[in-house]
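Structure first, commentary second.
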Amino acid sequence: MLIIGELINTSRKAIKEAVATKDANYIQQVAREQLEAGANYIDVNCGTMVNNEVEIMEWLVNTVQEAVEAPLSIDSPDPKVIEAGLRLVKYGQPMINSISDEQERFDSILPLVVKYKAKIVALCMDDTGMPETGEDRVRVAKSLYQKLTAAGVSDENIYFDPLVKPVSAVEKAGVEVLESIKLIKTLYPNVHFTCGLSNVSYGLPNRKVLNRLFVVQTMTMGMDGYILNPTDKEMMGVIYASQALLGQDSYCMNYLAAHRKGLYEI
């Protein structure tokens, strides 16, 4: 299971303010809290700062790495910003968030994946737009897999994102994602998956309930990575419990550790 901590993102008000005031202590506190809560990667995203995104990405990466020795997920729509972040990564194997089968995006990101030997989040989307069905997602996944592996990217470094849509807008959105994971996993058993899970509950009340249940459903189909808030104890507790029930937790050690940390207190 790969947990990518999502909190260092300038779309969040507190992070945007910390960046504006160069409050390194706050950024570092958020990084430490995510790592201590169970994050394996720290996502760094300043995509809302379009006027000086390269400079801010460099500052964020350096600031985070002064506080934690954790691998980073470099997240931006701009390839130049992604490379600015990758150049500064010190710890572990970096991750790029993300590539797609849109021709311009693919051609600009693939060289970075190869150059920096990065893990890659591969969005199941191409130049036709957002996928409508599970079949659409599988078609794009096949194309991406063939191109990525032909360039030397190993299965273990590919993290397919089936692109979760809100069930409030698309009734079968959840089912489509579950079917996509199952089909892609059957075709390519050694690849991985990740997603921005909370999209599924957008526009609905009691979002945390829906998000936690969807975690269990997607894990059952083979999802083994999430971009989420690891300081959400209830969510992390659900993930550890689901791993234990799916036989992915030897002697339930992670579950027992989560219990001792108080993740299941009522």
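Listing for the model above:
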| item | result |
| --- | --- |
| Criterion violated by residue 205 - all others in (1) closer than 30 Å to residue 135 by Cβ; (2) part of a loop (DSSP other than H, G, I, E, B) satisfied | (1) |
| Pick from the stretch 214-260, criterion in a loop (DSSP other than H, G, I, E, B) and free of Cβ contacts under 8 Å to residues at least 24 places away in the same chain, ranking: least open to solvent (accessible area, probe 1.4 Å) | 249 |
| Subset of the stretch 41-51 [open to solvent by less than 30 Å² (accessible area, probe 1.4 Å) and out of contact with any Leu (no Cβ under 9 Å at 6 or more places or on another chain)] | 47 |
| Residue list for the stretch 1-11, restricted to those being open to solvent by 30 Å² or more (accessible area, probe 1.4 Å) and either within 23 Å of residue 237 (Cβ to Cβ) or part of a helix (DSSP H, G or I) (or both) | 1, 6 |
| Candidate set: the stretch 103-134, residues that are among the acidic types (Asp, Glu) and at pLDDT 95 or above; chosen: the one nearest to residue 165 (Cα to Cα) | 126 |
| Within the stretch 180-202, tally of residues that are under 25 Å from residue 39 (Cβ atoms), in a loop (DSSP other than H, G, I, E, B) and touching a helix residue (DSSP H, G or I) at 6+ places or on another chain (Cβ under 8 Å) | 3 |
| Residues that are in a helix (DSSP H, G or I) and open to solvent by less than 50 Å² (accessible area, probe 1.4 Å), drawn from the stretch 125-153 | 134, 136, 137, 138, 140, 141, 143, 144, 145, 148, 149 |
| Failed condition for residue 177, given (1) in a helix (DSSP H, G or I); (2) closer than 30 Å to residue 209 by Cβ; (3) among the aliphatic types (A, V, I, L, M); (4) open to solvent by 20 Å² or more (accessible area, probe 1.4 Å) | (4) |
| Count - residues of the stretch 186-209 that are under 22 Å from residue 73 (Cβ atoms) and open to solvent by less than 80 Å² (accessible area, probe 1.4 Å) | 11 |
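Okay, residues lined up against (1) over 22 Å from residue 84 (Cα atoms); (2) of a type in the set (Val, Ile, Thr); (3) open to solvent by less than 20 Å² (accessible area, probe 1.4 Å):
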residue	(1), (2), (3)
16	no, no, no
21	no, yes, no
24	no, no, no
29	yes, no, no
34	yes, no, yes
39	yes, no, yes
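The values are calculated or read from the model by the stated rules, or taken from the named source; none is laboratory data. The structure presented is a predicted model; accordingly, all values stated were derived computationally and were not measured. Reconstructed Cβ throughout: ideal geometry from the backbone, glycine too, with neighbour counts over all protein chains shown. The protein model used for the area step is the full one, side chains on, heavy atoms only, and it has no ligands, DNA or RNA in it. Shrake-Rupley method; radii C 1.70, N 1.55, O 1.52, S 1.80 Å.
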